[in-house]
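Peer 1: Take this structure, written in structure tokens, and hold onto it; I'll ask about it next.
The values are calculated or read from the model by the stated rules, or taken from the named source; none is laboratory data. All of these numbers come straight from a predicted model, not from anything done at the bench. A quick note on method: Cβ atoms are made from the backbone with ideal geometry, for glycine too, and the neighbour counts reach across all protein chains shown. Surface accessibility is based on the protein's heavy atoms, side chains included, excluding ligands, DNA and RNA. Shrake-Rupley method; radii C 1.70, N 1.55, O 1.52, S 1.80 Å.
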Amino acid sequence: MAQVVVITSGKGGVGKTTSSAAIATGLAQRGKKTVVIDFDVGLRNLDLIMGVERRVVFDIVNVIQGEAKLNQALIRDKRVENLAILPASQTRDKDALTKEGVQIIIEELSKEYDYVICDSPAGIEKGALLALYFADQAIVVTNPEVSSVRDSDRILGVLQSKSKRAEEKREPVKEHLLVTRYDPARVERGEMLKLEDIQEILAIPLLGVVPESESVLRASNTGTPVILDAESPAGLAYGDAVARFLGEERPHRFLEVEKKGLFKRLFGGRAA
């Protein structure tokens, strides 16, 4: 039976879809059969980040409404074996998603896949609640800013009260913290929250810290999950996060200001 993992946050623009694409790709790279579902009906972006927008024929709403079979809507990734994408609809209303329909899809996918990754829209509207309802694990994505952390705290409360596991009084959803867009220099200047402060407020295990990196934007614009850019700090950080998610011990990197050597001090140098 698959593990259902929701990637969620209270605030938009923190990197949920980038993280969903990277983590799903990383799991597949490690031999885990993985499918990632876009729950952001009306504002789909996962297909762009994954570089499959031209291959979308059917979507999750078509499947729920009986207009297509699940296998017709699934898009197999051409770069990474074991990886598939189920896109959201760009034209339907969020009310087109139903709990019964989502349950049938997840149950079907669970027969074939090891991991079902649910890319949640921001906030606590219907699509977000459905994305987290069936979760066994949750990766809560936050930026090092007060509003983002506060909204993530709100999401943790929702996970603990509105998930199927909570309703059935089973073992709670296993929670992980992923901090994105972390810039140690700005933290030193007091412009961003310290990692320790974020951890103290949210009080859930730290899965990873992804540094601010131009490679994230570059990857998004080229339709390539950033984890495939193994030379970039962000790609390496996501690789570390996937390893930790699978139970490996990895030290956390990119938490300190990089000390520039003489050559870089003279000629400059920017993060990849």
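Peer 1: Can you order the peptides 16-24, 234-242 by their average number of other Cβ atoms within 10 Å per residue, highest first?
Peer 2: Working: 16-24: 29.2, 234-242: 24.3.
Output ranking for 16-24, 234-242: 16-24, 234-242.
Peer 1: Find the accessible area per residue for the chain; the probe is 1.4 Å, ligands and nucleic acids are left out, and the unit is Å². All intermediate terms of the calculation are to be shown ahead of the outcome.
Peer 2: Details: 13030 Å² over 272 residues.
Heavy-atom SASA per residue in the chain reads 48 Å².
Peer 1: Taking a ≥ b ≥ c as the square roots of the eigenvalues of the Cα gyration tensor of the chain, is the shape rounded (a/c under 1.5), prolate (a/b larger than b/c) or oblate?
Peer 2: Values: a/c = 1.91, a/b = 1.45, b/c = 1.32.
Prolate, since a/c reaches 1.5 and a/b exceeds b/c.
Peer 1: When the accessible area of segment 3-159 is split by element with a 1.4 Å probe, what percent falls to carbon and sulfur? Before the final figure, lay out each step's value.
Peer 2: Details: 2720 of 5930 Å².
After summing per-atom areas, the C and S share lands at 46 percent.
Peer 1: Still on this model: Shape of segment 110-247 from its Cα gyration tensor (a ≥ b ≥ c, root eigenvalues): rounded if a/c is under 1.5, otherwise prolate when a/b > b/c, or oblate?
Peer 2: Details: a/c = 1.90, a/b = 1.30, b/c = 1.47.
Because a/c hits 1.5 or more and a/b fails to exceed b/c, segment 110-247 counts as oblate.
Peer 1: Around ALA21, under 14 Å between beta carbons, what's the net of Lys plus Arg minus Asp minus Glu among the other residues?
Peer 2: Combined, the nearby Lys, Arg, Asp and Glu give -3.
Peer 1: Please state the shape class of segment 38-87: rounded when a/c is under 1.5, otherwise prolate if a/b exceeds b/c and oblate if not, all from the C-alpha gyration tensor. Present the calculation step by step, with values, prior to reporting the outcome.
Peer 2: Working: a/c = 2.19, a/b = 1.30, b/c = 1.68.
Since a/c reaches 1.5 but b/c is at least a/b, the shape of segment 38-87 is classed as oblate.
Peer 1: Sort the following peptides by mean Cβ neighbour count (other Cβ atoms within 10 Å, averaged over residues), highest first: 97-103, 141-147. Let's see the in-between values first.
Peer 2: Working: 97-103: 15.6, 141-147: 20.7.
Result, highest mean first: 141-147, 97-103.
Peer 1: Please report how far the C-alpha centroid of segment 224-249 lies from that of segment 27-44, rounded to the nearest whole angstrom.
Peer 2: One Cα centre to the other: 16 Å.
Peer 1: What helices does the chain hold that run 15 Å or longer along their axis, going by alpha-carbon atoms, with a Kyte-Doolittle average of -0.5 or more, using DSSP H for the helix calls?
Peer 2: Values: long enough: 16-29 (19 Å, 0.29); 99-112 (20 Å, -0.36); 146-162 (24 Å, -0.14); 233-245 (18 Å, 0.48).
Span-like helices in the chain: 16-29, 99-112, 146-162, 233-245.
Peer 1: Additional query: Around TYR113, what is the net charge, scoring Lys/Arg as +1 and Asp/Glu as -1 over all other residues with Cβ under 14 Å from its Cβ?
Peer 2: With Lys, Arg at +1 and Asp, Glu at -1, the neighbours total -2.
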